[in-house]
Amino acid sequence: MVKHLIKDLGIALDEGQKMGVFMPSTGLAHQFYSALMQQGGEDIGVQGLIIVLEKLSNAELPKREEEEK
């Protein structure tokens with residue numbers, strides 16, 4: 001779930017900062033998942049990231065046939 005990912009990514013970023021390690025990908029992931037959580041997606045899994053990416057790009061992926069039923 002996103003709320004747990006944000007917590008874990010925050011811990012990783014804090015520890016990286018203490019060690020002087022720059023972790024840009026971890027920071028970006030934290031920002032994306034934080035955006036998803038702010039949009040009400042705290043209980044969604046990692047697949048919810050597509051929601052953020054769709055909104056950022058102002059596009060929507062086509063639904064798979066089994067999702068339309």
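The values are calculated or read from the model by the stated rules, or taken from the named source; none is laboratory data. Since this is a predicted model, take the numbers as computed values, not measurements. For neighbour counting, all protein chains shown are included, and Cβ atoms are generated from backbone atoms with ideal geometry for every residue, glycine included. Surface areas here come from the heavy atoms of the whole protein model, side chains and all, with no ligands, DNA or RNA. Shrake-Rupley method; radii C 1.70, N 1.55, O 1.52, S 1.80 Å.
Mind checking the full-extension length gain between residue 64 and residue 47? Use 0.36 nm per residue of separation minus the Cα-Cα distance, one decimal, nm.
Difference between extended and current length: 4.7 nm.
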Item to complete: Rank by packing, highest mean first: peptides 48-55, 10-17, with packing defined as the count of other Cβ atoms within 10 Å averaged across residues.
Response: 48-55, 10-17
Worksheet item: How much area per residue is accessible in the chain when the probe is 1.4 Å and only protein heavy atoms are counted (Å²)?
Response: 77 Å²
Practice prompt. Give the carbon-plus-sulfur fraction of the accessible surface of the chain in %, rounded to a whole number; probe 1.4 Å, heavy atoms of protein chains only.
Written response: 57 percent
Worksheet item: Of (i) 54, 19, 15; (ii) 50, 22, 19; (iii) 33, 21, 18, which one was derived for Cα extents along the principal axes in Å from the structure shown?
Response: (ii)
Worksheet item: Can you count the Lys pairs in the chain with C-alpha separation below 26 Å, eight or more apart or on different chains?
Response: 7
